1. Kindly check whether there is at least one residue in the stretch 290-305 that is assigned to a helix (DSSP H, G or I), buried (at least 24 other Cβ atoms within 10 Å of the Cβ), in contact (Cβ under 8 Å) with a residue 12 or more places away in the chain and not polar (S, T, N, Q).
2. Quick one: is Q168 touching a residue at least 60 places away in the same chain (Cβ under 8 Å), open to solvent by 20 Å² or more (accessible area, probe 1.4 Å), farther than 30 Å from T339 by Cβ and of a type outside the set (F, W, Y)?
3. Name the residues in the stretch 387-422 that are within 19 Å of N333 (Cβ to Cβ), in contact (Cβ under 8 Å) with a residue 40 or more places away in the chain and open to solvent by 20 Å² or more (accessible area, probe 1.4 Å), would you?
4. With the requirement that a residue be touching a residue at least 12 places away in the same chain (Cβ under 8 Å) and over 16 Å from A80 (Cα atoms), what does the stretch 133-145 give you?
5. Exactly one of these conditions fails for T174: (1) open to solvent by 20 Å² or more (accessible area, probe 1.4 Å); (2) under 28 Å from G217 (Cα atoms); (3) at pLDDT 85 or above. Give me its number.
6. Check A160, A96, A140 and return the single one that is open to solvent by 50 Å² or more (accessible area, probe 1.4 Å), of a type in the set (G, A, S) and part of a helix (DSSP H, G or I).
7. Applying the selection to the stretch 36-79, what residues are modelled with pLDDT of 80 or more and in a loop (DSSP other than H, G, I, E, B)?
8. Check whether at least one residue in the stretch 6-27 is over 22 Å from the mean Cα position of the chain (by Cα), among the polar types (S, T, N, Q), modelled with pLDDT of 90 or more and over 30 Å from I391 (Cα atoms), and report yes or no.
Amino acid sequence: MDIINTYGLLLIITAAVVGFLMAWGVGANDVANAMGTSVGSKALTIKQAILIAMVFEFAGAYLAGGEVTSTIRKGIIDTAYFIDQPELLVFGMISALLSAGIWLAVASYLGWPVSTTHSIIGAIVGFSAVGVSVDSVEWAQVGGIVASWVITPAISGFIAYLIFMSAQKLIFDTENPFDNAKKYVPIYMAFAGFVMSLVTIKKGLKHVGLNLSAVEGYSLAIGIAIGVGILGKLAIDRIKFKENLDKNTQFANVEKVFAILMVVTACCMAFAHGSNDVANAIGPLAAVVSVVNSGGEINASARLDWWILPLGAIGIVAGLALFGHRVIKTIGNGITHLTPSRGFAAELAAATTVVLASGTGLPISTTQTLVGAVLGVGMARGIAALNLGVIRNIVVSWVVTLPAGAGLSIVFFFMLKAIFSV
């Protein structure tokens, strides 16, 4: 307790610095979740994608990141073990932020799309299990995360496969692709409007105090879907092309329609991601600030000081501006060749999986969801369409994420204990 009273300001400054590093890593690695498919399908250039993502990620993190945040993400450790020594929780959270931030920087430099959520969870598990007690970790939660490595990509891959194959059958494999696009694309637009509305409502606006009930949320999403479908129908009907165009030209025209759709879904995903995953950086930081300001009292949630949310939002934007292009290239070009219709199928499948997971409480990584969706689209064209070398590296990076975060966190935890001679 004396350590907290004596070194409180120094601990908060240290936590703020490593919290910014973690937010930087979130931006550098996770921006590809929203923008990778848009860049890979040539709907956007990398510069355009990063500029759009900067605006929507910042808006999501700052406007909808939440006034109150859970101090222990996902209930992964039992705070009862820290009540008598709250400084251990402070050291642990600083260690977790530093280790997860370093791992994300390394992974982003290598172009590996890893899970920022799993990075911070692995780090928290590491310091808690080794530095405090094995029993302080909720191991059932960890088991659920490991299971999600398989379940999440499988679900999103299957949904992406279905969406892409339906577009092939209804539009691309017909005599008049553009006429059929006029008929069916508004339906895809309505479905996209419904799913993206739910993602934004569930992931993006739940922090703003807009507490809609399930019925209100779904009703609003259905209303938006109908509106989007009608607007889409009107917009597509106004597009005039010459009669008797050859199929390749018709295909190109249809892809242009899907490209516009993709940009809209990417913006929604960026907003939702910024609002949701900023907590990976500011949750542990808020825990440190809360414990220090309360003189050692540990709370389940903490009201954020005014400077914490902007710090996280600026960190996310800085990371994606400097390193975001590396992971975008892996998602967009490395796994399989993407066109706007394939990228749209992947993006929509990832968003659908996020909605399903948030409704069922399945622990989910948006990164793994999108990678699975891109794999599903690639599989629709056969195994030869996939770059198996890139996929192998991605899977290895997922498996390494938890132990890497845990190992670094343990080292930093004991270093901090030695520095403050506990």
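1. Yes: the stretch 290-305 contains one or more residues that are assigned to a helix (DSSP H, G or I), buried (at least 24 other Cβ atoms within 10 Å of the Cβ), in contact (Cβ under 8 Å) with a residue 12 or more places away in the chain and not polar (S, T, N, Q).
2. Numbers: touching a residue at least 60 places away in the same chain (Cβ under 8 Å): yes; open to solvent by 20 Å² or more (accessible area, probe 1.4 Å): yes; farther than 30 Å from T339 by Cβ: no; of a type outside the set (F, W, Y): yes.
The answer is no for Q168.
3. Applying the first criterion (within 19 Å of N333 (Cβ to Cβ)) to the stretch 387-422 yields 387-395, 397.
In the following step, the residues that additionally are in contact (Cβ under 8 Å) with a residue 40 or more places away in the chain were identified as 387, 390-391, 393-394, 397.
N387, V390, I391, N393, listed by residue number.
4. We begin by selecting, within the stretch 133-145, every residue touching a residue at least 12 places away in the same chain (Cβ under 8 Å); these are 133, 135-138, 141-142, 144-145.
Listed by number, the residues that qualify are Q141, V142, G144, I145.
5. Exception for T174: condition (2).
6. Answer to the selection: A140.
7. Matches in the stretch 36-79: S41, K42, A43, L44, T45, I76, D78.
8. Within the stretch 6-27, one or more residues are over 22 Å from the mean Cα position of the chain (by Cα), among the polar types (S, T, N, Q), modelled with pLDDT of 90 or more and over 30 Å from I391 (Cα atoms).
The values are calculated or read from the model by the stated rules, or taken from the named source; none is laboratory data. All values reported here derive from a predicted model rather than from experimental measurement. Cβ: placed from backbone, ideal geometry, glycine included. Neighbour counts: every protein chain shown. What goes into the accessible areas is simple: the full protein's heavy atoms, side chains included, and nothing from ligands, DNA or RNA. Shrake-Rupley method; radii C 1.70, N 1.55, O 1.52, S 1.80 Å.
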